[in-house]
Amino acid sequence: MDFQDASDEFSIDDVETVIKSAVGSVLTDTEYKPNKVNDWCNSIISAILKGLQSLNRPYKYAVAVVLMQKTGAGLCSAASTWWDASKDGFCKVMWGNGTMQCLVTVYGTHVNVDTPDDDE
């Protein structure tokens, strides 16, 4: 039996809210400092994963953060996925201030959860 509740769908709006909150809490009022980039990236990822976990949805998540100094250089990013487009999804958010840019991408793959009736 295939089980999927509408509330279990990958919600780009919910994930985007989590990403923006995490990035804002870590990078608001900061200036680019190369020695802080690792800490900032780890803090952003940790906050995003906690926020996604609080959504309580049956997904496994992968989070990628690119943080770079704003120098006028370009950034090209690409990804390829092979998944169930009706259940899985991704969300990307670009954030920036006067000294840096941050690109966050969250990938969510649906985990099949059996209903109690399926165990019998």
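Annotations for the structure displayed:
- Springs join every pair of Cα atoms under 10 Å in this Gaussian network model of the chain, and among ALA64, ALA78, ALA47 the largest mean-square fluctuation is at ALA78.
- Projected label distance in nm at CYS76 and ASP8, using a 7 Å step from Cα toward the beta-carbon: 4.0
- Taking 18 Å as the straight-line reach from the Cα of LYS70, the lysines in range (excluding those fewer than 8 positions away in the same chain) are LYS33, LYS36.
- Above 13 Å, the calculated P(r) of segment 22-78 contains 66 percent of its Cα-Cα pairs.
- Relative to the longest principal axis of the Cα atoms of the chain, the long axis of helix 37-54 lies at roughly 30 degrees.
- Packing, taken as the mean count of other beta carbons within 10 Å per residue, orders the peptides 100-108, 86-94 from highest to lowest as 100-108, 86-94.
- Using the Cα coordinates of the chain, the gyration tensor eigenvalues translate into equivalent-ellipsoid semi-axes of 33, 15, 11 Å, sorted from longest to shortest.
- For the chain, the longest principal axis of the alpha carbon atoms and the long axis of helix 12-27 meet at an angle near 30°.
- The fraction of accessible area contributed by carbon and sulfur in the chain is 48 percent, rounded to a whole number (1.4 Å probe; ligands and nucleic acids excluded).
- The simple Förster model, with R0 at 25 Å and r as the Cβ-Cβ distance, assigns SER86 and VAL66 a FRET efficiency of 0.30.
The values are calculated or read from the model by the stated rules, or taken from the named source; none is laboratory data. Worth saying up front: this structure is predicted, and the values here are computed from it rather than measured. Every residue, glycine as well, gets a Cβ built from its backbone with ideal geometry; the counts of neighbours run over all protein chains shown. Ligands, DNA and RNA are excluded from the accessible area calculation, which covers all protein heavy atoms including side chains. Shrake-Rupley method; radii C 1.70, N 1.55, O 1.52, S 1.80 Å.
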